[in-house]
Amino acid sequence: MIGLIAFILAAAVTARGLVIVVAERRRAARLAPIGARVVRNQTQLRMVNDEFRQDEAQPAQRLDREYVLGWEYTLAGVTHQGERMSPAPITTKIPGDTIEVFYDRADPSVSRLAGETPESQALPWFIFAGVIAAVGFAITVISHGTS
């Protein structure tokens, strides 16, 4: 029973990911390139709780790096801003440098960097669905093995 519930939940999460892919592909067709000025390129440190540590002697918290890139562009006299965060460095450009971003012609306040695909926008949903399916499968196998 739990396996069936996990399968249905994984299917629903996968469907949500597919909806995002379709919406982002439609948006990608409306994107137009524009030069943007880098306003921020920095590394932030944040404290992460490490609940799944292997050894109790390891610290329960650790510092994690997060890279942030911010930009702004002006379109029809209106300045818009965008920002991306990543676990890896995004670019070596510094504030004041110019980068190319793509803005949505239907909603110019929405922009993205080159290389951000519709699939990359939905990837976390697909990963989550896979985890749910794997856990449901494991529970099903374990419960059948003990009965």
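Bear in mind that the values in this text are calculations on the coordinates, not laboratory data. Note that the structure is predicted; figures quoted are calculated from it, not measured. Here Cβ is always computed from backbone atoms with ideal geometry, including for glycine, and neighbour counts include all displayed protein chains.
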**Q.** Net charge dipole size for the chain [Lys, Arg +1 and Asp, Glu -1 on Cβ; Debye, nearest 20]
**A.** 420
Q) Where the only charges are on Cβ atoms (+1 Lys, Arg; -1 Asp, Glu), what is the dipole of the stretch 31-104 about its Cα centre, to the nearest 20 debye? A) 260
Q) According to the square roots a ≥ b ≥ c of the eigenvalues of the Cα gyration tensor, what is the shape class of the chain, taking rounded for a/c under 1.5, prolate for a/b larger than b/c otherwise, and oblate for the remainder? A) oblate
Q: Please work out how much length the chain gains when fully extended from residue 48 to residue 114, using 0.36 nm per residue of separation minus the C-alpha to C-alpha distance, in nm with one decimal.
A: 20.8 nm
Q. On a 0 to 90 degree scale, rounded to 10, what angle separates helix 2-29 from the longest Cα axis of the chain?
A. 10
Q: Please check the chain for the longest run free of GluC sites (Glu not before Pro) that are loop-located per DSSP (anything but H, G, I, E, B) and have at most 12 other Cβ atoms within 10 Å.
A: 57-147
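Rounded to the nearest 0.05, what FRET efficiency do residue 83 and residue 131 give with R0 = 35 Å and r taken as the Cβ-Cβ distance? Could you check?
Between residue 83 and residue 131 the formula returns 0.80.
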Q) Roughly how tilted is helix 118-146, in degrees to the nearest 10 and between 0 and 90, from the longest Cα axis of the chain? A) 10
Q.
I'd like the FRET efficiency for residue 29 and residue 72, computed as 1/(1 + (r/R0)^6) with the beta carbon distance as r and R0 of 25 Å, rounded to 0.05.
A. 0.55
Q.
Using +1 at the C-beta of Lys and Arg and -1 at the C-beta of Asp and Glu, which of 45, 32, 4 has the Cα lying farthest in the positive direction of the dipole of the chain?
A. 32
Q | Placed amide H near residue 97: partners under 5 Å, 5+ positions off or other chain | A | 38
